[in-house]
Each structure stands twice: as structure tokens, then as C-alpha cells.
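> Below you'll find the structure I mean.
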Amino acid sequence: MEATKSSDQTFPAADVDKELNPGQNKNFEVDPVSSQVAASIETKEQAEAAKTQKEREKKDALQTLKSTIIISGIVVAVAGAIFVITKKLKEK
């Protein structure tokens, strides 16, 4: 009886050409779980890239603001020094 039960349960037929030549198999199955994992990883990487880009832009904007304030301060200091020097020269 065991022999008849095992003979009923045979392996499914396989396509030998697809198995031996996987490069020619254009109709391959995609594991949905793996593709979801890959998609979620890609989404996380894109989110991290966007976050770092925003931080970089914010840092660039702050650096530009700092540079502008420093240059303005230097210009005011030089103008004040010129004003003081010309005033002292006029007094003599």
C-alpha cells in the first residue's frame, strides 16, 4: 500500500531548458516579499538622502548668512575708521 501512495505523489514536471539555461528564461517569478523589502529599503535610502540634502541646504544658507553679516561688519568698521581718520585730519 505504501508503494501505491508514493507513486501517486510524483514530482511536478520541470522545463529542462529553463532550468539548464536560466539566462534565456525571460518569464521569471518575483518573490513579492523580497520585492517589498527591496522597495522599502530603497524608500528609506531616498528619505535619508532627501533629509541630508535639506540639512546641507540649511547649513549652506546659514553659512551664507554668517558670511554676509561678517562682511557687512567689516565694511562698517572700515567706513567708521575712514570717517574717524578724515575727521582727525580736518582738525589738524
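> Treating only the Cβ atoms of Lys and Arg (+1) and Asp and Glu (-1) as charged, compute the dipole magnitude of the range 35-92 about its Cα centre; round to the nearest 20 debye.
The dipole of the range 35-92 has a size of about 660 debye.
> Residues of the range 55-72 with backbone nitrogen within less than 17 Å of a virtual label 7 Å along the Cα-to-Cβ line of ALA79, please, listed as ranges.
68-72
> Let me confirm the definition first: pairs of Lys residues in the range 35-92, 8 or more apart or on different chains, C-alpha distance under 23 Å. How many are there?
7
Bear in mind that the values in this text are calculations on the coordinates, not laboratory data. Keep in mind it's a predicted model, so treat the numbers as computed, not measured. No Cβ is skipped: glycine too gets one built from the backbone with ideal geometry, and neighbour counts run over all protein chains shown.
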